1. Contact list please: Cβ distance under 9 Å, first residue in the range 118-138 and over 17 Å from residue 68 (Cβ atoms) and modelled with pLDDT of 95 or more, second residue part of a loop (DSSP other than H, G, I, E, B) and away from the ligand (no atom under 12 Å from the Cβ), pairs at least six apart or on different chains.
2. Tell me, which residue of the range 218-245 that is part of a loop (DSSP other than H, G, I, E, B) and over 19 Å from residue 294 (Cα atoms) is farthest from the ligand (Cβ to nearest atom)?
3. So if I check each of 266, 281, 273, which one is crowded, with 21+ Cβ neighbours inside 10 Å and within 15 Å of the ligand (Cβ to nearest atom)?
4. If residue 257 satisfies all but one of (1) in contact (Cβ under 8 Å) with a residue 12 or more places away in the chain; (2) farther than 23 Å from residue 75 by Cβ; (3) assigned to a helix (DSSP H, G or I); (4) within 16 Å of the ligand (Cβ to nearest atom), what's the number of the condition it fails?
5. Would you confirm, using the coordinates I've provided, whether residue 178 is farther than 24 Å from residue 259 by Cα and out of contact with any strand residue (DSSP E or B) (no Cβ under 6 Å at 6 or more places or on another chain)?
6. Which one is surrounded by the most Cβ atoms within 10 Å (Cβ to Cβ) among residues in the range 141-164 that are within 14 Å of the ligand (Cβ to nearest atom) and not in a loop (DSSP other than H, G, I, E, B)?
7. Hey, could you check the range 82-97 for residues that are surrounded by fewer than 17 Cβ atoms within 10 Å (Cβ to Cβ) and under 23 Å from residue 122 (Cα atoms) and say which is nearest to the ligand (Cβ to nearest atom)?
8. Considering each residue of the range 165-184, count those that are within 16 Å of the chain's Cα centre (by Cα) and more than 15 Å from the ligand (Cβ to nearest atom), and give that number.
Ligand SMILES: NC(=O)c1ccc[n+]([C@@H]2O[C@H](COP(=O)([O-])OP(=O)(O)OC[C@H]3O[C@@H](n4cnc5c(N)ncnc54)[C@H](OP(=O)(O)O)[C@@H]3O)[C@@H](O)[C@H]2O)c1
């Protein structure tokens, strides 16, 4: 009888232990869901917009934006000029730089400098170092980026594979690395500054553009390492992983091929204009180490994490190989 009693007690105890574990697991999942679906978007795209954020002007007089003459970079340049920062833009063509330079001076009355260099050439960093001399740089936006010509090509289908890959790695990865190497030391010395590294939502491995995607993975990983290394240095380092932004780069890569239906739908519902994207993304600086820039792209990244990679890969490969 006593034995039966002890067994029953043990049985009940094991049940209550399972119950506690279950309750903890459910509570943890609920907190995660609330955090992902409500608190994070509320914090990044509403609170960050209305509350006073980083005082950019107090970080230094100048913001350096690579690829600042067009697209997302131009959006960042405009947003930072609006906040009173002088802008140094580094892009390829004089005429595009000149056009944006005039626009920033006229609309915001700030000082603007531009440097015309081609980041596919690794010799350009001496010129950039020279141009940076004596500038009090508070913000660096590592934005310049390029692709391999189409977002619907497997690795071996990329035209002129070796040259194309070299160019993408130089523009997307080497520029970000070297610009950090040039500017981070003065920020660490001042114990203040902001570095934003523009990666892509596709950094997790987009089969239709493998070299571009892998180059963005490099940007995200290095940015993350720098952020963790200099966490307590006073310098804010942020990684930005945008979804679809309607720019020349997007057009040149995605219009060049037949998109599978899910990408067409993604474009129709989630694409944003470059200036809207940048203005929302600037608000998130100081609020998060990794940002998708805007609310739509935040939810795209949440969905992408839930979605099945295998199904997406299959749909994409069907289109590419047909
Ligand atoms: N658009 C999207 O959907 C999307 C999505 C995810 C991530 N991104 C990333 O966001 C960043 C900006 O892209 P975007 O769409 O705004 O591109 P974009 O509209 O094509 O603008 C690119 C900028 O970079 C400059 N640039 C390009 N190649 C250059 C080179 N070899 N040397 C010097 N400057 C060069 C361009 O200058 P010139 O005008 O003088 O050539 C222009 O100012 C990139 O890193 C891209 O990977 C974009």
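The values are calculated or read from the model by the stated rules, or taken from the named source; none is laboratory data. No experiment lies behind these values; they were computed from the predicted model shown. A quick note on method: Cβ atoms are made from the backbone with ideal geometry, for glycine too, and the neighbour counts reach across all protein chains shown.
1. 136/60; 136/61
2. 232
3. 281
4. That leaves (3) as the condition not met.
5. Judged against the criteria, residue 178 is a match.
6. 141
7. Top of the filtered list is 93.
8. Residues flagged as within 16 Å of the chain's Cα centre (by Cα) and more than 15 Å from the ligand (Cβ to nearest atom) within the range 165-184 amount to 0.
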